[in-house]
Amino acid sequence: MAEGASNKSQLAVDKTCRDIGKLAVWSVTSAKPGNGVELLCDDRDDTYWQSDGSQPHLINIQFQKKVRLQSLAVYLDYKLDESYTPNKVSVSAGTSYDDLRPIKTVEMEEPTGWVNIPLQVPDVSEPLKAYFVQLAVISNHQNGRDTHIRQVKVFGPRQETVQRLMAHDIGFATPEFLMFSVVR
């Protein structure tokens with residue numbers, strides 16, 4: 001999916017990446033009662049996190065170990081949320097909250113569906129590696145104050161070993177494998 005592009009259907013995930021969001025601890029700067037951080041990862045597009053306070057609104061994603069990052073996907077719905085819908089977000093990454101560096105800023109015009117934000121560092125061929133990722137809502141449509149974000153997913157590249165195995169057709173047809181293929 002192209003940067004800033006959105007679609008209303010299921011999030012298209014290619015075989016080279018995997019969802020690593022469940023490996024992290026998530027926190028937000030503020031939340032309205034009943035619309036907390038847990039709704040960002042519940043895999044439902046009819047629930048949302050709602051901020052409560054002044055901008056920027058921050059979503060902090062902290063991993064226990066350094067992970068390789070490929071992209072971040074955000075589910076937004078301008079038709080339902082109107083002025084609560086972000087129109088400018090930025091993504092920062094680092095080893096902790098104190099040494100974050102900006103990776104990408106994206107502006108969106110009335111997004112409905114998944115918005116994919118690639119996390120590739122310019123002029124670097126290796127994937128971005130970090131312990132801490134922060135999604136900041138800089139501004140909303142119609143100068144809205146609070147924000148609604150329906151889902152957030154963090155993707156990392158699959159391990160090279162798995163990619164190599166998937167790229168080759170591994171025929172488990174050697175005599176050593178075939179002798180264990182029969183159930184007794």
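The values are calculated or read from the model by the stated rules, or taken from the named source; none is laboratory data. Quick caveat, the model's predicted, so the values are computed rather than measured. Positions of Cβ are backbone-derived with ideal geometry, glycine not excepted, and every protein chain shown enters the neighbour counts. The protein model used for the area step is the full one, side chains on, heavy atoms only, and it has no ligands, DNA or RNA in it. Shrake-Rupley method; radii C 1.70, N 1.55, O 1.52, S 1.80 Å.
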Fill in: Criterion violated by residue 134 - all others in (1) over 17 Å from residue 90 (Cα atoms); (2) in contact with a helix residue (DSSP H, G or I) (Cβ under 8 Å, 6 or more places away or on another chain); (3) assigned to a strand (DSSP E or B) satisfied
(1)
Worksheet item: How many residues, within the stretch 118-141, are surrounded by 15 or more Cβ atoms within 10 Å (Cβ to Cβ) and over 24 Å from residue 52 (Cβ atoms)?
Response: 8
Fill in: Residue pairs meeting the criteria (Cβ under 8 Å; at least 6 apart or on separate chains; first under 11 Å from residue 152 (Cα atoms), in the stretch 30-54; second open to solvent by 70 Å² or more (accessible area, probe 1.4 Å) and not aliphatic (A, V, I, L, M))
41/22
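Among the strands (runs of 3 or more DSSP E) contained in the stretch 1-108, which hold 2 or more residues that are open to solvent by 30 Å² or more (accessible area, probe 1.4 Å) and under 22 Å from residue 128 (Cα atoms)?
Values: elements: 17-19, 24-28, 57-69, 71-77, 86-94, 101-107.
Once the strands (runs of 3 or more DSSP E) in the stretch 1-108 are filtered for at least 2 residues that are open to solvent by 30 Å² or more (accessible area, probe 1.4 Å) and under 22 Å from residue 128 (Cα atoms), what remains is 17-19, 24-28, 57-69, 101-107.
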